[in-house]
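Scroll down for the structure; my scribbles are underneath it.
What follows is calculated from the coordinates using simple rules that are stated; it is not laboratory data. Being a predicted model, the structure only gives us computed values, none of them experimental. Cβ coordinates were reconstructed from backbone atoms using ideal geometry, including for glycine residues, and neighbour counts include every protein chain displayed.
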Amino acid sequence: MTDPSGARRRPDHLTPVPSPRPEPNAGRAEADAGRAEADGLLRAVALGDEAAFGRLYDLVAARVYGLVRRVLRDPAQAEEVAQEVLVEVWRTATRFDPARGSATSWICTIAHRRAVDRVRAEQASAERQVRVATSPAETPHDEVPDQAARRLEQQQVRRCLGDLTELQREAITLAYYAGHTYREVAELLGAALPTVKTRMRDGLIRLRDCLGVLGVEVTR
Amino acid sequence: MSDIHTLVGAYVLDAVDDLERAAFDRHLADCPSCATEVGELLETAARLADGAWSVPPPRLRAEVLAQVSRTRQERPAPRPGRDGRSTVSRWRTVTAAAVAAAVLTVAAGVTSYLVQQQRVRDERAATVAARAELDRMQEILDEPDLVVRRGGLSFGGRLTVLTSPARDAGVALLAGAPPVPPDRAYQLWLMAGTTPRPAGVLTAGAGDDSAVLAGLSGMSAVAVTVEPASGSAQPTTDVLASVPLT
């Protein structure tokens, strides 16, 4: 495991850190390798390989559970939904198309959708309760075996979120981490609907550029 | 680039409602360059999960693997991309254009499904019938007095009812409902008080389908039950959802 020396000492909060733009490459290659590994495993899973599924579980379960728990807050519900998501990954692995994105992204997309579905289902059955949104830095994350690549990825996401305007960041985090619709976000922020839609879009575009996410079918 | 495309950020963040999602999916089908943008932004949004890492309880692994060992995988069959099964219970009017897009997305999927199912026996008749149904839906959805009503469902799915008082007709849209066995189907009922009138049997086995509703005056609600695929004269199972019409 490589130590991303400079990056590791960075303060662990959301405040934008005026650091030189390109992150040290130390953990980057490892992160990319992790993504490639997930792609390969998911393709094997699509062929019915249960052992590959076990390895894929080890690679992505903390990400899936963490995301679902972040949205739902309740650990028991999060466990239930995470289980649904991971079984769905197995069941629908044949739908994964590596030409359209990474396995990690495909799995996170399912996880986020299911978590948000659960939030909306709750809202439909019970009286709507406004969740108090917290900034990403306020959520404690469990201690896990240290992984340079993961820490670097987290720091990179935090730094890039910090580079957004306040409205962009709030619109994106209220939707993604708290599961609000853009209408609810507009209400919460006291902003106009078109403004919220626009901030979500341009905020994501800025994040994309900051994170160096490459389109798979980009032809420009 | 159409107006619906301004929803791309909200769509990627799962911050849209079901009708908007369906409308956006339909937009994507017509816009290859938009699909590239959506792909990139989905990849970007997924990176937000990097900041939410949390180790699950160890029992989760055993439970997931046990369930996996007894779960059959889907066969690799390309199917129209509509998904999402939140249960939304609220009444809201939306613009006729967005609704029409949403309904036609589902209806078009059903059309192709019908075509596949009937191919051996009677492909042409099915296609013609499905197209006639689609045309009829389109006419209803084009009415300026269209009202959208949505019902809370107990079983994980949504029943949306779009009615045009001027035409005394409407469209019922079932979306995200759990598939039923091939010999069963969701059946719609028009309720006059507590008296049900059969209002159409949806495609056998399917959890996503739509149907035209005729003769709405005097009717108080649209209900749905699960029945044998051939349909029933009276509901034989519990009402799963009921959308009031008044």
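Details
- Peptide-level mean, for A:70-79, of C-beta atoms on other protein chains within 10 Å: 2
- Inter-label distance, nm, simple model (7 Å from Cα along the C-beta direction), A:R73/B:S33: 4.3
- Report note on the peptides B:32-40, A:173-181: ranked by the mean count of other C-beta atoms within 10 Å, highest first, their order is A:173-181, B:32-40.
- Label point distance in nm, B:T194-A:D97, each placed 7 Å from Cα along Cα→Cβ: 5.2
- B:A214/B:A62 FRET efficiency (R0 60 Å; Cβ-Cβ; nearest 0.05): 0.65
- Cβ-based exposure ranking for A:C160, A:C108, B:C31, in which fewest neighbours within 10 Å come first: B:C31, A:C160, A:C108
- Volume per residue of the convex hull around the Cα atoms, evaluated for segment B:1-49, comes out as 64 Å³.
- Using the Stokes-Einstein relation with a Kirkwood hydrodynamic radius computed over Cα pairs, the translational diffusion coefficient of segment A:25-129 at 37 °C and a viscosity of 0.692 mPa s comes to 228 µm²/s.
- Maximal additional length on extending the B:D3-B:S69 stretch stands at 19.2 nm, based on 0.36 nm per residue less the C-alpha distance.
- Point-to-point label distance, A:A29-B:A233, nm (Cα→Cβ direction, 7 Å offset): 7.7
- Counting only other chain Cβ atoms within 10 Å of each residue's Cβ, the peptide B:31-37 averages 3.
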